[in-house]
Amino acid sequence: MTIDHVFVAGAGLMGHGIAQVHAAAGKRVTLYEPELARAGAGKARILGNLDRAVAKGRITDAERVATAARVYATDDLAAAAGADLVVEAVYEDEAVKTALWAELDAIAPAGALFASNTSSISINRLAAATSAPRRPQFLGMHFFSPVPVMPLVELIRGEATSDATEAAIRGLAGELGKQVIVSADRPGFIVNRMLMPLLAEAMRTYEEGTGTAEDIDTGAKGGLNHPMGPLELADFIGLDVCLGILRVLREGLGDPQFEPPRVLVELVEAGHLGQKTGRGFFAYPR
């Protein structure tokens, strides 16, 4: 299947990056938010990223202009009617995602592929919001932030996902210059199943007073050779996102190691979500 037009639903941290890498690979991209100002803000972030890439010599000015020209911001969901691929990158909430997928299923062409950027929610449950003929064309396509930089894409097959759909998205990922891993539809998939217990244990170490946030992160960087400490990484991901993933893992797997630490719950309840709000385990800018 040829994928020329990509409809990206969600222009936030992940969505604008997903739109950017597809546009850089030569795809026409429609970047959707229900409010045009938010869609425009997503495109503005892409333009800023491209400007910085030119300044650092990573792309030419001609490549910047061509990539930017392929991205169209819209608040009209009906624009999905011309898509070959629909990628959903909205807030990590099952009710929000399933409501959107039901709408998109009624709009997108019958042959369009559907891919969710969910980091933890069951692909089977998301696909169930669409019609039965669509479900073989539905899978997870989990990117990592920042999308233009991180080399990995995690594909998640649902029970109905066809081999042809996986093959098409594998081919697309190759065009994007991404490495592919494939996960079964299990809570947290592969990467977050490994990552979240580490972040949660670092948080518990902090809340028990074993070390300061700085010392915990320095220990991971200097002692484990991690490029970023676990508490700073949690702040970067978003503490609300981490909390949501841990709750999915705790519910789905029943293991107490996935119980959200008290300090994480308290920070989220206070509105301290990490870098995006200026405060989490650390204050930003640092």
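Can you pull out every residue in the stretch 149-159 that is within 12 Å of the chain's Cα centre (by Cα) and in a loop (DSSP other than H, G, I, E, B)?
The answer is M150, and nothing else.
To keep it simple, each residue is scored yes or no on (1) aliphatic (A, V, I, L, M); (2) closer than 27 Å to V147 by Cα.
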position: M194; (1), (2): yes, yes
position: E207; (1), (2): no, no
position: G211; (1), (2): no, no
position: D217; (1), (2): no, yes
position: K221; (1), (2): no, yes
position: F236; (1), (2): no, yes
position: C242; (1), (2): no, yes
position: L273; (1), (2): yes, yes
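Quick check, is T130 over 30 Å from L233 (Cα atoms), among the polar types (S, T, N, Q) and surrounded by fewer than 20 Cβ atoms within 10 Å (Cβ to Cβ)?
no
If we keep just the residues of the stretch 115-138 that are outside any helix (DSSP H, G or I) and more than 14 Å from the chain's Cα centre (by Cα), which is nearest to A167 (Cα to Cα)?
Step one: of the stretch 115-138, the residues outside any helix (DSSP H, G or I) are 115-122, 128-131, 138.
Applying the additional criterion that residues be more than 14 Å from the chain's Cα centre (by Cα) yields 122, 128-131, 138.
On the way: S122: 20, A128: 22, A129: 23, T130: 21, S131: 21, F138: 12 Å.
This residue is F138.
Within the stretch 62-80, restricting attention to residues that are open to solvent by less than 60 Å² (accessible area, probe 1.4 Å), in a helix (DSSP H, G or I) and of a type in the set (A, V, I, L, M, F, W, C), which residue is nearest to T165 (Cα to Cα)?
A80
Starting from residues that are of a type in the set (D, E, K, R), over 17 Å from G280 (Cα atoms) and out of contact with any strand residue (DSSP E or B) (no Cβ under 6 Å at 6 or more places or on another chain), keep the ones in the stretch 179-206 and report whichever is most open to solvent (accessible area, probe 1.4 Å).
R186
Here is a list: F144, F138, F189. Which entry is more than 20 Å from V248 (Cα to Cα) and aromatic (F, W, Y)?
It is F138.
Out of T30, T74, report the one residue that is of a type in the set (S, T, N, Q) and over 19 Å from the mean Cα position of the chain (by Cα).
It is T74.
Looking at the stretch 213-271, what helices (runs of 4 or more DSSP H) fall wholly within it and have at least 2 residues that are surrounded by fewer than 13 Cβ atoms within 10 Å (Cβ to Cβ) and modelled with pLDDT of 95 or more? It would help to see each step written out before you state the result.
Working: elements: 213-223, 230-237, 239-253, 262-269.
Correct list: 213-223, 262-269.
Applying the selection to the stretch 26-46, what residues are out of contact with any Ser or Thr (no Cβ under 9 Å at 6 or more places or on another chain) and hydrophobic (A, V, I, L, M, F, W, C)?
Of everything in the stretch 26-46, those that are out of contact with any Ser or Thr (no Cβ under 9 Å at 6 or more places or on another chain) and hydrophobic (A, V, I, L, M, F, W, C) turn out to be V29, A37, A41, A44.
Among the residues that make up the stretch 94-109, is at least one of them farther than 17 Å from G12 by Cβ, open to solvent by less than 50 Å² (accessible area, probe 1.4 Å) and not in a helix (DSSP H, G or I)?
yes
Of all residues in the stretch 1-50, count the ones that are modelled with pLDDT of 95 or more, assigned to a helix (DSSP H, G or I), open to solvent by 60 Å² or more (accessible area, probe 1.4 Å) and under 25 Å from T98 (Cα atoms).
Selection size over the stretch 1-50: 3.
Inspect the stretch 277-285 for any residue being under 17 Å from A202 (Cα atoms), at pLDDT below 95 and open to solvent by 60 Å² or more (accessible area, probe 1.4 Å) and give the result as yes or no.
no
Do we have T98 as polar (S, T, N, Q) and over 30 Å from S162 (Cβ atoms) here?
No.
Could you list, in sequence order, all residues of the stretch 181-209 that are touching a residue at least 40 places away in the same chain (Cβ under 8 Å) and on the phi > 0 side of the Ramachandran plot?
Within the stretch 181-209, G188, F189 qualify.
Can you find even one residue in the stretch 160-174 that is open to solvent by less than 10 Å² (accessible area, probe 1.4 Å), outside any loop (DSSP other than H, G, I, E, B) and in contact with a His (Cβ under 9 Å, 6 or more places away or on another chain)?
So far as the stretch 160-174 goes, yes, one or more of its residues are open to solvent by less than 10 Å² (accessible area, probe 1.4 Å), outside any loop (DSSP other than H, G, I, E, B) and in contact with a His (Cβ under 9 Å, 6 or more places away or on another chain).
The values are calculated or read from the model by the stated rules, or taken from the named source; none is laboratory data. Remember, it's a predicted structure, so these values are computed and weren't measured experimentally. Counting neighbours? That spans all protein chains shown, and the Cβs are built from the backbone with ideal geometry, glycine included. These accessible areas exclude ligands, DNA and RNA; they are computed on the full protein's heavy atoms, side chains included. Shrake-Rupley method; radii C 1.70, N 1.55, O 1.52, S 1.80 Å.
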